[in-house]
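Below is one structure; the comments refer to it alone.
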Amino acid sequence: MSMKLEWNDDQKVYPIATSLIELLERILQEAAQMEDVTEGEVALTFVDDEQIHELNREYRGIDRPTDVLSFALHESTDEELDILYEVEDEGELESMSDLLGDIIISTERARAQADDYGHSLEREIGFLFVHGFLHLLGYDHQDEASERVMMDKQEAVLARIGLSR
């Protein structure tokens, strides 16, 4: 199995083109390869500012919209048990351990940031997606050194895809 992207569009701000999803799938494969992740699934949802504001307030206690949120399924994989569920159409048990987590992107915020930075909306969404993916893997940017590590990794993936600044 390789990396899999499941996505959902819960917003009306920006029409999500097939070409954008294909780009994000390429980004996911490249980022996973760079991080030596051979299997997994990422759930991506596009929302508007109002929806992400609500999620940011509820889950992070921050009362404003943000550009991207990540919710890792496995915070500490050493101590967690695999969750089993039944696959209805095959009647077999499979492990949910391949589900890395959820990434939520505000297309409204992404569009504004793309305008601010002077690059395409696709590049901004790609950047936010890689950022969210790295969070799912446990990366964070709580200090200058860790922020630099994340930024370098994000830019490396985007450069490989052809979305460098």
Single residue of segment 27-63 satisfying the filter (among the charged types (D, E, K, R) and in contact with a helix residue (DSSP H, G or I) (Cβ under 6 Å, 6 or more places away or on another chain)) that is surrounded by the most Cβ atoms within 10 Å (Cβ to Cβ)
Asp49
Would you mind finding the one in Glu147, Glu124 that is more than 13 Å from Ser70 (Cβ to Cβ) and touching a His at 6+ places or on another chain (Cβ under 6 Å)?
Glu147
So, in segment 108-123, exactly how many residues are assigned to a helix (DSSP H, G or I), open to solvent by 40 Å² or more (accessible area, probe 1.4 Å) and within 21 Å of Arg160 (Cβ to Cβ)?
2
Residue count for segment 124-145, restricted to those that are of a type in the set (D, E, K, R) and buried (at least 20 other Cβ atoms within 10 Å of the Cβ):
1
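The values are calculated or read from the model by the stated rules, or taken from the named source; none is laboratory data. Quantities reported herein were computed from a predicted structural model and do not represent experimental measurements. Don't worry about glycine lacking a Cβ; one is built from the backbone with ideal geometry, like all the others, and counts go over all protein chains shown. SASA here: full protein model, heavy atoms, side chains in, ligands and nucleic acids out. Shrake-Rupley method; radii C 1.70, N 1.55, O 1.52, S 1.80 Å.
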